[in-house]
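This report concerns only the one structure given below.
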Amino acid sequence: MEPNATARRGRPRDGEVDRRVLSAAWDLLHAGGYAGLNMDEVAERAAVAKTTLYRRWPTKDHLAVAVASQMLGEVPIPDTGDLRRDLTDFAAALGASLNQIRAAGGTGGGASPGLAAELLAAAARHPDLGEAVRALFAQRHVMARARLQRASEREGLRRDIDQAVLIDQLAGPVYYRILITGAPADRDYAERLAGAVLDGAITQEEREK
């Protein structure tokens, strides 16, 4: 679900307009962070009318969160038959997306949460944005639960494991490192995290294979 204005009656939205606007907005965010995002400049770069822009994204907050949601929504939940590798890939991709958002505007890989913190504040300022962001994570949660369910059926994931908690244990530390500690959430960390999450979650029979 994209955090923008709700669907309206009439002709369907032009997806090409959305793509141009989100691309232009990301260019500005990447170059100057949240402070560098200017709605008038986005409209000019995307070659769209300001009325069109504001009809779809009524505030700068809505547009910034839409850009971030598009990036985070593209994080896949792999299903290769190797649960440890799939969870590692997911955590690594999530970390890469969040690191890219954090680095926007020149904060780099340091401890500052940068743009990520601005986006959290934007979602808190607007109830509709908060709802849309929660819907995005709920959708990903459903996908992750489906992957874990398949793992419990064919890859030795213990059936008594609380799958919702396991997902929290995997994703939560990535956000914590990005937003709080500033430590890297890279592939090495993703591998160690997946190993720690799965320690004790796999049946003895599967571990002995």
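What follows is calculated from the coordinates using simple rules that are stated; it is not laboratory data. The shown structure was predicted, so the numbers you read here are calculated from the model rather than taken from an experiment. All Cβ positions, even for glycine, are placed from backbone atoms using ideal geometry, and neighbour counts span all protein chains on display.
A compact globular protein would have a Cα radius of gyration near 2.2 N^0.38 Å; the ratio found for the chain is 1.14.
Taking the fewest neighbouring Cβ atoms within 10 Å as the starting point, the ordered list for 60, 50 is 50, 60. Using a cutoff of 8 angstrom between alpha carbon atoms and counting only pairs six or more residues apart, the relative contact order for region 69-207 works out to 34 percent.
Taken as entire DSSP H runs, the helices of the chain that both span 27 Å or more between Cα atoms along their own long axis and average -0.5 or more on the Kyte-Doolittle scale are 83-103. Once both labels are positioned 7 Å from their Cα atoms along Cα-to-Cβ, the gap between residue 128 and residue 142 label points is 2.2 nm.
When you count the other C-beta atoms within 10 angstrom of each residue and take the mean per peptide, 125-132, 22-29 line up highest first as 22-29, 125-132.
For region 15-59, the spherically averaged projection of the C-alpha convex hull amounts to 2.7 nm².
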